[in-house]
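First comes the structure, then the notes that go with it.
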Amino acid sequence: MGRLTILCGLLFLLCNLKPGICSAADQLKGKLDGRVLELDESNFDSAISSFSYILVDFYAPWCGHCKRLSPQLDKAAPILAGLKDPIVIAKLDADKFTTLARKYEIDGYPTLKLFIHGVPVDYRGPRKPDLLVHYLKKFVAPDVSILGSDSAISDFVEAADTEFPIYLGFGLNETVISYLAIKYKQKAWFSVAKDFSEDAMVLYDFDKVPALVVLHPSYNEQSTFYGPFEDEFLGDFIKQNLLPLAVPMNQETLSQLGFDDRKIVLTIMEDANEEKSQKLIKLLKAAASANRDLVFGYVGVKQWEEFADAFGANKNKKFPKLIIWNGDEEYFSVIGYESLDEEDQGSQISRFLEGYREGRTEKKMIEGPSFKDHMMSTIGIGAVVIFVFLVALLMLIRSLCKDDDEPRGADTRRDIDHDDSSDGESSDTEHEARKKED
């Protein structure tokens, strides 16, 4: 009894000397009910050490971007807390607790850092609640999951986020794909099945091992690779299957295409949801299977008019329209096959590709400000700030070279900063904080 009394006394003394240690346990309720934890200097270290995964929002109360991000994190918090491996969301007033802000090199607001077993990693992914959840689930997953039975394979596929392709290795050693799994960790799920039955072979449609099966649950697509399992061939298969056979063009897929150096066969339709358009999409998938050196994408004018108009859809009303796009400011039409007729579209697609490969093309340029505006929004405000800074720097150098009495670079910079503020906020301090906004 005496020992118990001593232990209780020591625990009471420890909690009074280091209140943050006890408060972390108390705040565990915040993790369970999905609330965003409020951190300060007294409980920050204990909270970081208490949770395997904790995403911390370093914010400033006066920051407009921080105010807009806060409700997004509130929505994502309960979903992330309910995962098999929970991810806690917390926030710290970095403008008030400057010692912690300096420790973690916070130089703008909001800054998000994911602490994985206490080790901070910069989070630069999406910030909308659903996309943030998708991204973080991949962020904390193993590079390669090891599966030991049919039920483990089924559970893995079911638990994986359908926004990403799923690679299942059968009869493979994990070391074969580990390097590529690390390289593409944030873009796909990777696993190796150590034990499986013939039923699994039938279910995932492969007839020999080793085999690497890739699933695209969102698009109901599947492909199988039997080797050779060498870096070049394996790498090409994984990279080419990160996207579905026919890619619907939208904000998210367009940003993904920025990491792919293949030319894009872009089909512009009047309405991608029409029955005749769906039949055409099936033909595009078949063409994509036979032409893996190209990406096949499509867009409906009704779904994304601004993007389609950048390729002259407003001038040529004859749809479907086919072009070859390099992902930049140039695209090519194939002479004689600018659009498809209603009949035998599969043959017309083949002749279009043949004309492109033989060089029977006409180069054109992207038109209209809407496309450039979109590209700005895709690459993020950070790139815009860098561009503005470089322009201001060049103007300053020019003014100094002219040996003017009064340099105009600083005034020009202030004017540009004022114009660049999309929210009409004139605070110089908040403008600097926006450099961290993606």
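The values are calculated or read from the model by the stated rules, or taken from the named source; none is laboratory data. Fair warning: this is a prediction, and the values are worked out from it, not measured in the lab. Cβ placement follows ideal geometry from the backbone for every residue including glycine, while neighbour counts extend to all protein chains displayed.
Remarks
- Across the stretch 139-158, the qualifying residues are those that are hydroxyl-bearing (Ser, Thr, Tyr) and part of a helix (DSSP H, G or I), and the one among them that is nearest to the chain's Cα centre (by Cα) is Ser154.
- Matching residues, the stretch 228-241, being in contact with a strand residue (DSSP E or B) (Cβ under 9 Å, 6 or more places away or on another chain) and either buried (at least 16 other Cβ atoms within 10 Å of the Cβ) or assigned by TED's automatic domain parsing to the domain that holds Glu330 (or both): Phe229, Leu234, Phe237, Ile238, Gln240, Asn241
- Selected residue [of a type outside the set (Ser, Thr, Tyr), closer than 21 Å to Thr361 by Cβ, in contact with a strand residue (DSSP E or B) (Cβ under 6 Å, 6 or more places away or on another chain) and surrounded by fewer than 20 Cβ atoms within 10 Å (Cβ to Cβ)] from Leu294, Leu266, Leu284: Leu294
- For the residues Asp85, Asp130, Asp161, Asp107, the requirement of being without any contact (Cβ under 8 Å) to a residue 60 or more places away in the chain and over 15 Å from the mean Cα position of the chain (by Cα) singles out Asp85.
- You will find that of Asp236, Asp261, the residue that is assigned to a loop (DSSP other than H, G, I, E, B), among the charged types (D, E, K, R) and closer than 21 Å to Gln186 by Cα is Asp261 and no other.
- Where helices (runs of 4 or more DSSP H) fall wholly inside the stretch 27-122, the ranges with 2 or more residues that are within 28 Å of Asp161 (Cβ to Cβ) and charged (D, E, K, R) are 28-33, 64-81.
- Single residue of Asp341, Asp328 found to be at negative phi, part of a loop (DSSP other than H, G, I, E, B), at pLDDT 90 or above and surrounded by fewer than 13 Cβ atoms within 10 Å (Cβ to Cβ): Asp341
- All positions within the stretch 164-194 that are over 30 Å from Asp130 (Cβ atoms) and in a strand (DSSP E or B): Phe170
- Tabulated pairs, the stretch 195-207, first in a loop (DSSP other than H, G, I, E, B), second among the polar types (S, T, N, Q), C-beta under 6 angstrom, 6+ apart or interchain: Asp195/Ser149; Phe206/Thr224
- Any hit, the stretch 24-38, residues being at pLDDT 90 or above and either of a type in the set (Asp, Glu) or not assigned by TED's automatic domain parsing to the domain that holds Gly118 (or both): yes
- Taking the criterion of being under 16 Å from Met269 (Cα atoms) and of a type in the set (Asp, Glu), the residues of the stretch 313-346 that qualify are Glu338, Asp341, Glu342, Glu343.
- Which listed residue is surrounded by 17 or more Cβ atoms within 10 Å (Cβ to Cβ), touching a strand residue (DSSP E or B) at 6+ places or on another chain (Cβ under 8 Å) and assigned by TED's automatic domain parsing to the domain that holds Ala60, from Leu132, Leu112, Leu168, Leu147: Leu112
- Set Lys317, Lys302, Lys364: member being part of a strand (DSSP E or B) and either of a type in the set (D, E, K, R) or in contact with a His (Cβ under 8 Å, 6 or more places away or on another chain) (or both): Lys364
- Residue selection: Lys75 fails the criterion of being at pLDDT below 90, within 25 Å of Ala159 (Cβ to Cβ) and among the charged types (D, E, K, R).
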